[in-house]
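Before any comments, here is the structure.
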């Protein structure tokens, strides 16, 4: 089974490291970013990254089969680099978290390639917008997650936005994905020891980015890691927005 990876954004850890990037649809635009000598530029495999100044801010654009190339990627990226994964749609959209023991086990076995050397970031579990709240199903699914893996849940039906959902996510040390687009946003609730944001509006003003940066800085000060991802789109704005977020408020 092939598992694909998409990393469209920015992340901070509690130690001073920052990263930013764009998703697969914008990979052509990443050619505008220069790769310093000695750094990875596997253009043929559509894996890109570069380092940005003293804070190790990274612009990242990639998509490929993790099963075949995960080990190679882990060996070639610098210390502190994390790969963030997304659970495949067999788990989230087709089976809708039900009866996925074997599929999830295989996905995590492949993902574990990146655990060596502290390369593995959180796994995003994005539910389809028609998936209404079912706490029993969510509870059963989260019980399958080994504690070595960090999950973030993006719920896209309003029925999930309840205190009961938040309590369940906290009980399982799972982050609620704070997602926003031009139509609205999810509650800004932290339910794990890290924050996971998907900023998917068509564009962001300097003031909006500064506001998000202030929130991220506050979460970092409280001892949380922070992951932020921008929308992948044909215009390829995500890398530029990621860079702007890196310097917002500075």
**OP:** Check whether at least one residue in segment 140-157 is assigned to a helix (DSSP H, G or I), exposed (fewer than 15 other Cβ atoms within 10 Å of the Cβ) and touching a helix residue (DSSP H, G or I) at 6+ places or on another chain (Cβ under 9 Å), and report yes or no.
**Re:** no
**OP:** Scan segment 166-185 and report the pairs whose first residue is without any contact (Cβ under 8 Å) to a residue 60 or more places away in the chain and at positive phi and whose second residue is assigned to a strand (DSSP E or B) and surrounded by 14 or more Cβ atoms within 10 Å (Cβ to Cβ), with Cβ atoms within less than 8 Å and a gap of 6+ or a chain change.
**Re:** none
**OP:** Might you check whether a residue that is under 21 Å from residue 239 (Cβ atoms), out of contact with any strand residue (DSSP E or B) (no Cβ under 7 Å at 6 or more places or on another chain) and surrounded by 15 or more Cβ atoms within 10 Å (Cβ to Cβ) occurs anywhere in segment 183-204?
**Re:** yes
Original post:
Right, residue 241: closer than 23 Å to residue 121 by Cβ and at pLDDT 90 or above or not?
Top reply: no
Subject >> Qualifying positions in segment 117-139 - more than 13 Å from residue 82 (Cβ to Cβ), in contact with a helix residue (DSSP H, G or I) (Cβ under 9 Å, 6 or more places away or on another chain) and not in a loop (DSSP other than H, G, I, E, B) >> reply: 125, 126, 135, 138, 139
**OP:** Give just the number: which of (1) in contact with a strand residue (DSSP E or B) (Cβ under 8 Å, 6 or more places away or on another chain); (2) not in a loop (DSSP other than H, G, I, E, B) does residue 211 not satisfy?
**Re:** (1)
Original post:
Any residue at all in segment 160-174 that is within 16 Å of the chain's Cα centre (by Cα) and modelled with pLDDT of 90 or more?
Top reply: yes
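The values are calculated or read from the model by the stated rules, or taken from the named source; none is laboratory data. Just so it is clear, the model here is predicted, and its values are computed rather than measured. Positions of Cβ are backbone-derived with ideal geometry, glycine not excepted, and every protein chain shown enters the neighbour counts.
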